[in-house]
Amino acid sequence: MSDLPVCRSAMALTQVSSNKCAGGFQKVFEHDSTELKCKMKFAVYLPPKAETDKCPVLYWLSGLTCTEQNFITKAGSQLAAAEHGIIVVAPDTSPRGCNIEGEDENWDFGTGAGFYVNATQDPWKTNYRMYSYVTEELPKLINANFSTDPDRMSISGHSMGGHGALICALKNPGKYKAVSAFAPICNPVQCPWGQKAFTGYLGADRSTWEAYDATVLAASYSGPQLDILIDQGRDDQFLSASQLLPDNLIAVCSEKKIPVVFRLQPGYDHSYYFIYSFINDHIKHHAKYLNA
């Protein structure tokens, strides 16, 4: 396979790794992010179909502490992505190496915990702009460098990334053809993880938090129909610790007639073993709308 051309501009990419996988290629690239003002890595799976055709793109947002590596090495998404001809892009979860005081002190705030918001508070606001990175900068970069159909994109994620996927879809009606999530943080303004992150990134005024809360956003959603698939392990310790709060989102969605398939999976926890078990269903869900 000839590597696809990489345009040398503000969109320049450096290939970090490339491995043949499921007939296509699992690659990792690095670039200088304009939104995050640091070097960022992202993973991209190119299915065999991408050698000859423009393919839709599924964006995967990972959870707390993850990098671009966790999903591509543990979730087993490549076979299904190859089968359905979908490019899968998995960014990192935060800016890296910004030398912000305190960025490495907590596993659930700072490095590895960008929460997919645009921070408004010092010292985070210059770099911690993961929302704009994921919804604007990264898609432009992907569309400029790979064989994509820019009109066909969707989004998925796990935990903090499930929260990210849901808010990106709900805040941008029509931008994503479908959305799915594994064990998402559904109502961050009401849970300890969300309250900690939002206080740090967005400040003490709780009304500013609502722009990044899937349950709040669903209550005012008025875009084209968005079909949501959510899998949740019943033995997930973070479900019982009231960090995820899916019932709040489901209640709002049923009230607003937003179609949600919510599957509570007995015996499964919060780990990638759970994601691996149901990733094929999610890829199929996305393929239904991306390849329609």
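The values are calculated or read from the model by the stated rules, or taken from the named source; none is laboratory data. All values reported here derive from a predicted model rather than from experimental measurement. No Cβ is skipped: glycine too gets one built from the backbone with ideal geometry, and neighbour counts run over all protein chains shown. Heads up: the accessible areas ignore ligands, DNA and RNA and are worked out on the full protein's heavy atoms, side chains in. Shrake-Rupley method; radii C 1.70, N 1.55, O 1.52, S 1.80 Å.
Observations, loosely collected:
- A search for C-beta distances below 9 Å between a residue of the stretch 280-292 that is assigned to a helix (DSSP H, G or I) and any residue that is surrounded by fewer than 19 Cβ atoms within 10 Å (Cβ to Cβ) and of a type in the set (Val, Ile, Thr), counting only pairs 6+ apart in sequence or on different chains, returns HIS285/VAL261.
- Restricting VAL6, VAL88 to residues that are β-branched (Val, Ile, Thr) and at pLDDT below 95 narrows the list to VAL6.
- On inspection, ASN248 qualifies as in contact with a helix residue (DSSP H, G or I) (Cβ under 6 Å, 6 or more places away or on another chain), of a type outside the set (Gly, Ala, Ser) and open to solvent by 50 Å² or more (accessible area, probe 1.4 Å).
- Criterion applied to GLN243, GLN195, GLN232, GLN225 was being surrounded by fewer than 17 Cβ atoms within 10 Å (Cβ to Cβ), among the polar types (S, T, N, Q) and not in a helix (DSSP H, G or I), and the one residue passing it is GLN225.
- Residue count for the stretch 142-167, restricted to those that are touching a Phe, Trp or Tyr at 6+ places or on another chain (Cβ under 9 Å), in a helix (DSSP H, G or I) and surrounded by fewer than 24 Cβ atoms within 10 Å (Cβ to Cβ): 2.
- The condition of being open to solvent by 10 Å² or more (accessible area, probe 1.4 Å), out of contact with any strand residue (DSSP E or B) (no Cβ under 8 Å at 6 or more places or on another chain) and at pLDDT 95 or above holds for ASP108.
- Listed by position, the strands (runs of 3 or more DSSP E) contained in the stretch 36-105 that have at least 3 residues being in contact with a His (Cβ under 7 Å, 6 or more places away or on another chain), of a type in the set (D, E, K, R) and open to solvent by 10 Å² or more (accessible area, probe 1.4 Å) form an empty set.
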